[in-house]
Amino acid sequence: MKTEVFRACGDERDSELMERAGRIIREGGLVAFPTETVYGLGGDALNPMSARKIYAAKGRPSDNPLIVHIADTADIEYIAESDERVPLLARHFWPGPLTVVVRKKDIVPFETTGGLKSVAVRFPSHPVSRSFISRSGGFIAAPSANLSGRPSCTRAEHVLRDLDGKIPLIIDGGKVGIGLESTIVDLTGEEAVLLRPGFYSVEELREVLGDIRIDPAVDGTEHLKGRPRAPGMKYRHYAPGGELTVFSGEERVVRERILAECRKALENRSRSGILCRSSHKAFYEETGAFVIPLGEDGEEIAKNLFGALRTMDERNIESIYSEAFEEGPLGMAIMNRLKRAAGGRIIICNETLKDTENT
Ligand code: TXA
Ligand code: MG
């Protein structure tokens, strides 16, 4: 299959493109499209065949449910049982990077929900996603548009690299604005539970919901130990080809530790790379490692993280060392992705005590 890529502007100039995308979806095909978080791989959420195609194209296990994207808050009523917390959350966070898990109605096939009686629903804010969803019947099942296990796609080029020849159309909306997937909140029980941290922080959610419990899988390593509530959290994710290790602790100690690791890697002739705050780039240049500065604040770091992991692969980097980025409202979401990309390899550096390996 030939994969075509078309640039979208987010206004009426896209009319022909949206018509074409809508036709593909209605006929049971797949289209990759931009959202404000990451690129999604969309299919008709109400067509079981489309869900099967999504799993096949991504190489994704079919027990890992898909998020249904809508283009109007009211449309959730068509696919899910009502819950009084939904309008509350919608008023504050929709359209935007929040996904709610609620009880599904029969119209949603089990293929879309990975066999679950609940459905994850999100109303994205990106103008291109909104017009694509409305022109395609209003209910688009879409996981992130990467091959299963790979870092999510923040540019159309990443989608093409992963899915070329597997889908007919990629809508190119340029680089995404946020760079990490949506915050997921499970509302199927009495108590709201955070399943995946994202752009909206726990504090913002608490302001609206009152309380919210944090699922143990959110710390980015628990998935290795048990059965998380978001089925997707049990799989290795976001993983670059090289071995990634994250170093957390006091800034100066982390830096020295990364420098020492790079020297060791150099002696072993292993190609090493470093992910760091932009202001720290100069410290690492003497090592000869391939350094990618991710930015200074959480928003920049979030936006650049997945692209940087992909660049490490393009450069065939075998050992990647990353600073930890725990501070600020996006710290939890960034660390969740980073720890999972590292398969849980996080080293807590300590000046006096021996390092602790938290795996
Ligand atoms: O920002 C996003 O959410 C992006 C864009 C494309 O919208 N989508 C995305 O989808 O990240 P995906 O499939 O990569 O991640 C969805 C996560 C998975 O961990 C999945 O297990 C969980 O949501 N999920 C979906 N439906 C669920 C359900 N009914 N109950 C619990 N977890 C669910
Ligand atoms: Mg994903």
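The values are calculated or read from the model by the stated rules, or taken from the named source; none is laboratory data. Predicted, not measured: the structure shown is a model, and the values here were computed from it. Cβ placement follows ideal geometry from the backbone for every residue including glycine, while neighbour counts extend to all protein chains displayed.
Among the residues of segment 169-193, those identified as away from ligand 2 (no atom under 16 Å from the Cβ) and over 30 Å from residue 82 (Cα atoms) are 169, 170, 171, 172, 173, 174, 175, 177. Has segment 119-136 got any residue that is more than 14 Å from the chain's Cα centre (by Cα), of a type in the set (Lys, Arg), more than 22 Å from residue 96 (Cα to Cα) and not in a loop (DSSP other than H, G, I, E, B)? So far as segment 119-136 goes, no, none of its residues is more than 14 Å from the chain's Cα centre (by Cα), of a type in the set (Lys, Arg), more than 22 Å from residue 96 (Cα to Cα) and not in a loop (DSSP other than H, G, I, E, B).
Being surrounded by fewer than 24 Cβ atoms within 10 Å (Cβ to Cβ), within 18 Å of residue 31 (Cα to Cα) and within 11 Å of ligand 1 (Cβ to nearest atom) is a description that does not apply to residue 131. Within segment 169-183, being among the charged types (D, E, K, R) and surrounded by 18 or more Cβ atoms within 10 Å (Cβ to Cβ) holds for 172, 181. Restricted to segment 22-35, and to residues that are hydrophobic (A, V, I, L, M, F, W, C) and closer than 20 Å to residue 127 by Cβ, which residue is nearest to ligand 2 (Cβ to nearest atom)? That would be 32.
Applying the condition of being crowded, with 21+ Cβ neighbours inside 10 Å and more than 28 Å from residue 217 (Cα to Cα) to segment 140-168 and asking which residue is nearest to ligand 2 (Cβ to nearest atom) yields 163.
Here is a yes/no grid of residues against (1) more than 23 Å from residue 1 (Cα to Cα); (2) not charged (D, E, K, R):
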residue: 98; (1), (2): yes, yes
residue: 138; (1), (2): yes, yes
residue: 155; (1), (2): no, no
residue: 170; (1), (2): no, yes
residue: 173; (1), (2): no, yes
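Filtered by the rule that a residue be more than 11 Å from ligand 1 (Cβ to nearest atom) and hydrophobic (A, V, I, L, M, F, W, C), segment 134-144 gives a lone residue, 139. Report yes if some residue within segment 184-196 is buried (at least 22 other Cβ atoms within 10 Å of the Cβ), β-branched (Val, Ile, Thr) and at pLDDT 90 or above; otherwise report no. Scanning segment 184-196 turns up at least one residue that is buried (at least 22 other Cβ atoms within 10 Å of the Cβ), β-branched (Val, Ile, Thr) and at pLDDT 90 or above. Scanning segment 197-218 for residues that are β-branched (Val, Ile, Thr) and surrounded by fewer than 21 Cβ atoms within 10 Å (Cβ to Cβ), we see that the one that is nearest to residue 294 (Cα to Cα) is 202.
Considering (1) surrounded by fewer than 21 Cβ atoms within 10 Å (Cβ to Cβ); (2) within 11 Å of ligand 1 (Cβ to nearest atom), the lone condition that residue 62 does not fulfil carries the number (2). So which helices (runs of 4 or more DSSP H) stay within segment 1-114 end to end and still have 2 or more residues that are modelled with pLDDT under 95? Of the helices (runs of 4 or more DSSP H) lying wholly inside segment 1-114, none has at least 2 residues that are modelled with pLDDT under 95.
Of everything in segment 36-64 that is of a type outside the set (D, E, K, R) and within 11 Å of ligand 2 (Cβ to nearest atom), the residue that is farthest from residue 303 (Cα to Cα) is 64. Cβ separations smaller than 6 Å between residues 6+ apart or across chains give the following pairs from segment 120-136 residues that are basic (Lys, Arg) to residues that are at pLDDT 95 or above and part of a helix (DSSP H, G or I): 135/18; 135/22.
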